[in-house]
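Reviewing the structure listed below.
The values are calculated or read from the model by the stated rules, or taken from the named source; none is laboratory data. Since the structure is predicted, the reported quantities are computational estimates derived from the model, not experimental observations. We place every Cβ from the backbone using ideal geometry, glycine too, and count neighbours over all the protein chains shown.
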Amino acid sequence: MELEEFVSKLDGVRRLPSGYSARCPAHDDRVASLSVNAGRDGGVVLRCHAGCEYETVVTALGLQPGDLVGAPRCTDTYKYLDENGAWLYSVERWVNPKTFRCVPGLPPPAQRVPYNLIALKWAQEHHATVYVVEGEKDVDRFTSMHLPATCNVGGAGPGKWLPHYSAYLAGLNVVVVADNDASGRAHARAVAASVADHAASVLLVHPRYGSDVSDLLDAGWGLDCLDALPEEDDLGAIVAANVVPRAISWAWPGYIPLGKITIIEGDPGDGKSILSIDLAARWTSGLALPDGSHHGGPWPVVMITAEDDIEDTIVPRLRAAGADMKLVRLIDHGTDESRPFNISEDMAALYRVVMDAKAKIVILDPLMAFIGEATDSHNDASTRRALYPLYRLAKETGVAVVTLRHLNKGSGRAIYRGGGSIAFVGAARCAYTIGRDPEDRAKRIMANIKMNIAPEPPSLGYTVENSDVGPYIRWHGIVDRDAQEVLDGDAKSNGEEVVEFLNQVVQNGEPMFWRQIVAEGQRQGFTEKQLRSRRHRSRLMMVPGGAGPQSTRWGYLEHTLSGVAAAEQGQGSCPTEGLLPTSHTGHEGGKWARASEDEHLETGTNQTNDSDVKELYDTPDLVCDVCGSTQSVAVWEDDNVVRCRPHNPRTYHGGD
């Protein structure tokens with residue numbers, strides 16, 4: 001049965017650009033949930049979007065599944081010719097059902113020849129590489145690309161490649177291409193073994209995607225996606241001689257490679273997301289990249305997001321950047337709409353999106369949102385296992401996987417500043433950090449922190465501008481600053497911002513509890529660790545309350561002086577009374593930090609561990625909270641209490 005006849009049996013039929021929609025006869029359908037199209041080889045293909053099974057829909061119309069199959073017909077004829085071009089016999093490809101027929105009949109084995117024999121004769125004359133594939137369709141596909149190829153009659157199977165076929169390939173470089181099934185791989189190995197006795201060299205490969213090389217080419221990929229066929233063992237070991245070396249391909253030449261993972265890191269608000277949108281716009285529109293280089297686009301891009309809203313943020317920004325919206329695929333949830341995309345659960349669906357869209361780029365923003373809860377992001381082995389599906393996606397489809405990640409709140413070498421395990425950067429071939437220009441906070445810098453497949457590219461500067469349709473990026477060319485300078489500048493600036501916050505946080509005339517200061521700091525983007533580490537550099541001082549240690553608050557000198565005045569009038573307690581609770585006496589977690597490099601301060605049996613405290617407490621101008629002395633002063637790490645040796649908080653709890 002053909003399409004028009006089947007459609008006449010349906011209700012609520014409406015013609016669409018790619019077929020028809022109609023009401024499904026298998027359920028009470030009021031929204032025309034049945035899609036109907038012609039099959040590739042005739043007949044009818046249908047799908048009920050409400051979930052009815054194919055057989056149920058067909059049976060509801062009083063038909064059998066076989067009724068929707070098209071009429072038998074011959075779709076292709078492949079002629080086998082001798083070396084002079086004379087016809088010997090033909091192979092016909094039929095559909096409905098799929099079968100092959102030899103006309104006028106298959107000759108005896110000794111009289112058979114490989115398909116496309118004339119091309120093999122040409123290859124001998126020109127010393128060209130010959131591709132051996134499984135079927136005539138794939139041979140013709142190579143011929144359309146002006147590449148000599150051949151196959152045996154009858155497809156894959158034991159004894160199908162006859163020994164005398166290999167003699168036609170004597171002295172040539174041969175690439176044997178296996179179909180991606182068990183019989184195809186076994187057939188290719190048998191062909192390679194036979195040809196090896198005659199050819200100059202033999203490579204054994206298979207298509208990275210699809211069932212055969214035609215599927216690979218139909219999906220938009222090239223012959224560079226023919227990978228070495230693994231040996232027949234549990235680990236899939238590959239013979240090095242079968243590997244075809246190839247150059248790195250680039251989505252952004254010198255910066256972001258195709259077929260590999262790239263990480264871009266930065267603090268919130270420094271422009272990671274809008275940078276990725278700018279790049280997506282350039283890839284989809286064909287515009288030059290930020291350094292003026294060009295790519296092979298326009299290319300489709302898949303963007304997976306967990307933070308920014310598609311309607312009010314991502315799409316307006318894409319439009320402002322000049323993206324070709326038809327080439328952008330946006331994903332904001334997993335296969336289960338109630339949760340975000342998950343690398344461990346949704347990769348099969350992502351493969352389909354990538355292949356259907358013929359995408360060249362996949363962007364994940366932010367990466368940590370898409371890693372399953374079972375993954376320990378601070379454990380190298382756990383992180384590498386979680387990222388392995390992304391590695392396979394990049395390798396098998398050739399896409400550039402671009403991931404975005406936040407920085408941690410620490411300091412040190414730039415390569416260790418990303419949140420979580422160093423394995424994130426380890427799994428990437430390229431990594432970049434985004435930060436503010438230390439000399440101009442309005443400007444951002446994109447700087448390389450890892451590049452192990454090419455020379456390290458120069459840093460680039462940019463600013464985020466505003467337009468009527470949304471913010472966009474303006475690039476300013478090469479900047480003479482590396483990633484370490486950018487991050488060190490940010491850390492210094494951030495430390496100054498923390499001190500400024502602490503100097504101003506108490507504004508209502510009354511001291512504040514530390515938990516109140518922390519809560520306000522967190523609202524402004526600071527962590528408690530940052531606040532504690534800079535507290536001794538600010539104006540903050542402890543202001544004891546009258547109800548014991550739990551009433552201790554923090555303020556400035558004026559608050560302390562007002563407390564003293566109140567005490568003199570009998571209206572409050574002495575500022576030093578109960579300055580520290582007695583429970584601090586045996587606090588094993590506390591440490592003394594040295595105020596100078598040449599002085600050790602001992603606390604009981606414990607000595608200072610410089611490696612733990614140098615970064616936070618390497619300041620020479622500390623003043624004891626009790627007596628104001630600047631001699632032998634150190635800091636109690638857990639609470640940032642500044643004391644001299646006589647007023648060590650482990651031995652001194654008020655009084656003389």
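So the values come out like this:
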{"quantity": "Residues of the stretch 309-329 that turn out to be under 14 Å from SER273 (Cα atoms) and under 22 Å from the mean Cα position of the chain (by Cα), as a count", "calculated": "8"}
{"quantity": "Residue, surrounded by the fewest Cβ atoms within 10 Å (Cβ to Cβ), within the stretch 291-308, restricted to residues that are at pLDDT 90 or above and either touching a Lys or Arg at 6+ places or on another chain (Cβ under 7 Å) or under 19 Å from TYR472 (Cα atoms) (or both)", "calculated": "GLY292"}
{"quantity": "Positions within the stretch 11-36 being surrounded by 15 or more Cβ atoms within 10 Å (Cβ to Cβ) and either outside any strand (DSSP E or B) or not assigned by TED's automatic domain parsing to the domain that holds ALA60 (or both), in sequence order", "calculated": "CYS24, PRO25, ALA26, HIS27, ASP29, ALA32, SER33"}
{"quantity": "Qualifying strands (runs of 3 or more DSSP E) (wholly inside the stretch 344-447; at least 2 residues being of a type in the set (D, E, K, R) and farther than 25 Å from ALA251 by Cα)", "calculated": "430-437"}
{"quantity": "Flag for ASP278 being assigned to a helix (DSSP H, G or I), farther than 30 Å from LEU204 by Cβ and either in contact with an Asp or Glu (Cβ under 7 Å, 6 or more places away or on another chain) or modelled with pLDDT of 90 or more (or both)", "calculated": "yes"}
{"quantity": "Qualifying strands (runs of 3 or more DSSP E) (wholly inside the stretch 456-559; at least 3 residues being assigned by TED's automatic domain parsing to the domain that holds ARG417 and either surrounded by 15 or more Cβ atoms within 10 Å (Cβ to Cβ) or modelled with pLDDT under 80 (or both))", "calculated": "459-465, 472-479"}
{"quantity": "Filtered residue count, the stretch 178-216, keeping only those that are free of Cβ contacts under 8 Å to residues at least 12 places away in the same chain, surrounded by 16 or more Cβ atoms within 10 Å (Cβ to Cβ) and under 21 Å from ALA237 (Cα atoms)", "calculated": "0"}
{"quantity": "Filter result (out of contact with any helix residue (DSSP H, G or I) (no Cβ under 6 Å at 6 or more places or on another chain), exposed (fewer than 14 other Cβ atoms within 10 Å of the Cβ) and assigned to a loop (DSSP other than H, G, I, E, B)) within the stretch 232-252", "calculated": "GLU232, ASP233, ASP234, LEU235, GLY236, ALA237, VAL239, VAL243, VAL244, PRO245, ALA247, ILE248"}
{"quantity": "Qualifying positions in the stretch 342-356 - touching a residue at least 24 places away in the same chain (Cβ under 8 Å) and crowded, with 21+ Cβ neighbours inside 10 Å", "calculated": "ILE343, LEU350, VAL354"}
{"quantity": "Filter pass, ASP67 being surrounded by 18 or more Cβ atoms within 10 Å (Cβ to Cβ) and outside any strand (DSSP E or B)", "calculated": "no"}
{"quantity": "Failed condition for LYS137, given (1) under 29 Å from GLY43 (Cβ atoms); (2) touching a Pro at 6+ places or on another chain (Cβ under 8 Å)", "calculated": "(2)"}
{"quantity": "Residues located in the stretch 36-50, provided they are modelled with pLDDT of 90 or more and at positive phi", "calculated": "none"}
{"quantity": "Hey, LEU117 touching an Asp or Glu at 6+ places or on another chain (Cβ under 7 Å) and in the same structural domain as LEU147 (by TED's automatic domain parsing) or not", "calculated": "yes"}
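This table checks each residue for (1) at pLDDT below 90; (2) hydroxyl-bearing (Ser, Thr, Tyr).
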site	(1), (2)
TYR20	no, yes
ASP29	no, no
CYS52	no, no
THR56	no, yes
LEU61	no, no
GLY85	yes, no
CYS102	no, no
LEU117	no, no
